[in-house]
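Have a look at the structure below, then the notes.
The values are calculated or read from the model by the stated rules, or taken from the named source; none is laboratory data. Computed from a predicted model, the values in this text were never measured in an experiment. When we count neighbours, we look across all protein chains shown, and the Cβ atoms used for this are built from the backbone with ideal geometry, even at glycine.
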Amino acid sequence: MKSELVRLFQTLPHPCGYFTERTAQNLVIDPASPHLPQIYEAALARGFRRAGGHVYRPHCVGCRACVAARVPVARFVPNRSQRRCMRRNADLDLVVAPANFRDEYFELYRRYLGTRHPCGGMDDPELEDFSRFLYTDWSPTQFLELRLRGRLLGVAVTDVAATGLSAVYTFYEPDEAARSLGTYAILRQIELARARAVPHVYLGFWIEAHPKMDYKARFRPLELLGADGWRELPETGSQIVPE
């Protein structure tokens, strides 16, 4: 990622989405840059993430809780619980589709947010919120559909780059909680990366001991981006010094 091609902006402080008592700030790559499609691949390896047309990473004063995380595909070994998850969902078909708007997607997205984020500001999305958040004109995005005899149960929004797949967001049928579709989606993304000879699956940001973010540590080995580069998360917890 050549510095002469990249302008970074820092957002104003805003409420943190993970800790109610904290404020957050992000570094954002210039969303108007014509080089974003070329920059994005290298940015993933530098700990950035995409939301809509914005490529960002947390840059908060006095807090480094969010740590970029990725799974090295060649060395990943599913644990017993993950193997059970795969067997439990063996009746599902995976369909790789282009990223676009469909009523079928939006209705599932709306139901998912209404169940997972009630009264949180995301639970009543508008039609334009769907595309504004999940994909943009330049992003290398595919929708991994999870279907049961044709019925859509989940969508794993996945950016595809030569250096890795990025798990942007997953939404799924809230009435199928017993299937652990969030876990299953990551396992299928890892399988897809392996089939395409892509070295990593980027999982966004890991937060140690956070009830909504610590689940990523179950995908072993997990690499975290620290001040000295990517290092494997030890079994005993984080000894990674954040950037």
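Screening Thr163 against (1) assigned by TED's automatic domain parsing to the domain that holds Arg64; (2) within 21 Å of Val55 (Cα to Cα); (3) surrounded by fewer than 18 Cβ atoms within 10 Å (Cβ to Cβ) leaves a single unmet condition, (1). Based on this model, can you work out whether Ala177 counts as assigned to a helix (DSSP H, G or I) and crowded, with 22+ Cβ neighbours inside 10 Å? Taking the combined requirement at face value, the residue does not satisfy it.
Take Ala97 and decide whether it is under 19 Å from the mean Cα position of the chain (by Cα) and among the hydrophobic types (A, V, I, L, M, F, W, C).
Values: under 19 Å from the mean Cα position of the chain (by Cα): yes; among the hydrophobic types (A, V, I, L, M, F, W, C): yes.
So Ala97 fits the description; yes.
Please work out which residue is nearest to Ile190 (Cα to Cα), limiting yourself to the range 91-125 and to residues that are modelled with pLDDT under 95 and of a type in the set (Gly, Ala, Ser). By that ranking, first place goes to Gly114. Taking the criterion of being buried (at least 19 other Cβ atoms within 10 Å of the Cβ) and either assigned to a helix (DSSP H, G or I) or in the same structural domain as Trp138 (by TED's automatic domain parsing) (or both), the residues of the range 20-44 that qualify are Leu36, Ile39, Tyr40, Ala43, Leu44. The set of residues in the range 45-59 that are surrounded by 22 or more Cβ atoms within 10 Å (Cβ to Cβ) and of a type in the set (Lys, Arg) comprises Arg49, Arg50.
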